[in-house]
Amino acid sequence: MTAMLEVQGLGKRFGGLAALEGLSFAVQPGQIVGLIGPNGAGKTTAFNLISGSFAPSAGTVRFEGADITGGPPHRVVRRGLARTFQATSIYPKVSVAENVLRGALSRLHASLPNQLFGGQHTRQHLATLRAEVDEILTLLGLQAQREQAAGSLPYGLQKRLGVAIGLATKPRMLLLDEPAAGLNPEESAAFGRLLRRLRDERGLTLLLVEHHMALVMGLCEHIVVLVQGRKIAEGPPEGVRNDPAVIEAYLGAPEDCHA
Ligand SMILES: Nc1ncnc2c1ncn2[C@@H]1O[C@H](COP(=O)(O)OP(=O)(O)OP(=O)(O)O)[C@@H](O)[C@H]1O
Ligand SMILES: [Mg+2]
């Protein structure tokens, strides 16, 4: 079976700092995989390299067998690999629904004015997109907020909107950078159930960076542990949880020591 995502020997240097070194792992179709590690371990850097925001200093990224190393990001998204951001990246002044629509439009080649002011065919297309937006808002429980300015949402719902925007690009795989940050345990558990539904009902493959250990351990079938830019362990949650190196480097630290 071809892996959905295959990262090989991935590295990134920022000046003298090796933010990531020799990272290799694979994600199989339909898996939920966690990428964990303390602050500054290189998790977001790995996402930036996989999604094509940065070119790696070394290594390759393959998605569904195709070499996507170095992006660019819009091409990676069009191939079916989308991401959400650690800091929410929404248009704060426009409505929730419009934010998701912009996500849907971003997968198309034509410019926004052409989409909006084009002929009959395009108008039909826009109606289809609006129906998709509706479906995504329902799925993520954001219908009640659809006409609100995105910037006025509480932080947790802004994170949820980030996922909605990612979903609107119709990905087969989604990278989520700390989607549950700032959520209380109850919200975080609900978020975990939502992510599992995305996999179970929509067949989405997920790679998740997250500090909430209960969420990661309950949700992920496979976990990759990074410390200071290097992979120190990987495997099923039980194995990782009991790995002495992981306990020392990461799990021994208080859960909320991160920024
Ligand atoms: N654009 C950049 N320029 C210079 N250094 C960077 C850049 N991005 C990340 N770094 C550095 O690379 C290292 C890894 O950072 P990264 O953001 O990938 O960590 P992280 O695991 O996502 O941490 P956190 O849990 O705090 O989000 C850190 O030392 C960070 O300061
Ligand atoms: Mg990060």
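Looking only at residues in region 179-192 that are surrounded by fewer than 18 Cβ atoms within 10 Å (Cβ to Cβ) and part of a loop (DSSP other than H, G, I, E, B), which one is modelled with the lowest pLDDT?
Here is the first cut: in region 179-192, the residues surrounded by fewer than 18 Cβ atoms within 10 Å (Cβ to Cβ) are 182, 184-187, 189-190.
Checking the rest, the ones that are also part of a loop (DSSP other than H, G, I, E, B) come to 182, 184.
On the way: G182: 82, N184: 86.
Only one residue tops the list, namely G182.
Within region 164-178, which residues are under 21 Å from E132 (Cβ atoms), of a type outside the set (S, T, Y) and in a loop (DSSP other than H, G, I, E, B)?
A168, K170, P171, R172
Can you name every residue in region 232-243 that is touching an Asp or Glu at 6+ places or on another chain (Cβ under 9 Å) and surrounded by 15 or more Cβ atoms within 10 Å (Cβ to Cβ)?
I232, A233, G235, P237, V240 - these are the residues of region 232-243 that are touching an Asp or Glu at 6+ places or on another chain (Cβ under 9 Å) and surrounded by 15 or more Cβ atoms within 10 Å (Cβ to Cβ).
Regarding region 2-15, can at least one residue be identified that is within 16 Å of ligand 2 (Cβ to nearest atom) and either surrounded by 21 or more Cβ atoms within 10 Å (Cβ to Cβ) or under 29 Å from Q145 (Cβ atoms) (or both)?
Within region 2-15 (the criterion being within 16 Å of ligand 2 (Cβ to nearest atom) and either surrounded by 21 or more Cβ atoms within 10 Å (Cβ to Cβ) or under 29 Å from Q145 (Cβ atoms) (or both)), the answer is yes, since at least one residue qualifies.
What are the residues in region 77-105 that are within 16 Å of K170 (Cα to Cα) and in contact with a strand residue (DSSP E or B) (Cβ under 7 Å, 6 or more places away or on another chain), if any?
Hits for region 77-105 are R79, G80, L81, A82, R83, T84.
This table checks each residue for (1) within 12 Å of ligand 1 (Cβ to nearest atom); (2) free of Cβ contacts under 8 Å to residues at least 40 places away in the same chain.
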residue	(1), (2)
A19	yes, no
S24	no, no
I36	yes, no
K43	yes, no
A46	yes, no
G52	no, yes
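Please indicate, with yes or no, whether at least one residue in region 227-235 is more than 16 Å from ligand 1 (Cβ to nearest atom) and assigned to a helix (DSSP H, G or I). Write out each step before concluding.
Just the residues of region 227-235 that are more than 16 Å from ligand 1 (Cβ to nearest atom), to begin with: 235.
This time we only want the ones that are assigned to a helix (DSSP H, G or I), so: none.
No, every residue in region 227-235 fails to be more than 16 Å from ligand 1 (Cβ to nearest atom) and assigned to a helix (DSSP H, G or I).
Consider V216 carefully, then state whether it is within 16 Å of ligand 1 (Cβ to nearest atom) and among the β-branched types (V, I, T).
When the stated conditions are applied, V216 passes them.
Looking at region 41-66 only, could you name the residues that are within 16 Å of ligand 2 (Cβ to nearest atom) and either surrounded by fewer than 15 Cβ atoms within 10 Å (Cβ to Cβ) or part of a loop (DSSP other than H, G, I, E, B) (or both)?
Restricting attention to region 41-66, the residues satisfying the condition of being within 16 Å of ligand 2 (Cβ to nearest atom) are 41-51, 53-54.
Of everything in region 41-66, those that are within 16 Å of ligand 2 (Cβ to nearest atom) and either surrounded by fewer than 15 Cβ atoms within 10 Å (Cβ to Cβ) or part of a loop (DSSP other than H, G, I, E, B) (or both) turn out to be A41, G42, S51, S53, F54.
Quick check on R62: is it charged (D, E, K, R), away from ligand 1 (no atom under 16 Å from the Cβ) and out of contact with any strand residue (DSSP E or B) (no Cβ under 8 Å at 6 or more places or on another chain)?
Values: charged (D, E, K, R): yes; away from ligand 1 (no atom under 16 Å from the Cβ): yes; out of contact with any strand residue (DSSP E or B) (no Cβ under 8 Å at 6 or more places or on another chain): no.
Considered against the rule, which asks whether it is charged (D, E, K, R), away from ligand 1 (no atom under 16 Å from the Cβ) and out of contact with any strand residue (DSSP E or B) (no Cβ under 8 Å at 6 or more places or on another chain), R62 comes out as no.
In this structure, does T69 turn out to be in a loop (DSSP other than H, G, I, E, B) and at pLDDT below 95?
no
Can you tell me how many residues within region 80-101 are surrounded by fewer than 16 Cβ atoms within 10 Å (Cβ to Cβ) and modelled with pLDDT under 90?
So the count comes out to 2.
The values are calculated or read from the model by the stated rules, or taken from the named source; none is laboratory data. Every value quoted in this text rests on a predicted model; they were computed, and no experiment measured them. Don't worry about glycine lacking a Cβ; one is built from the backbone with ideal geometry, like all the others, and counts go over all protein chains shown.
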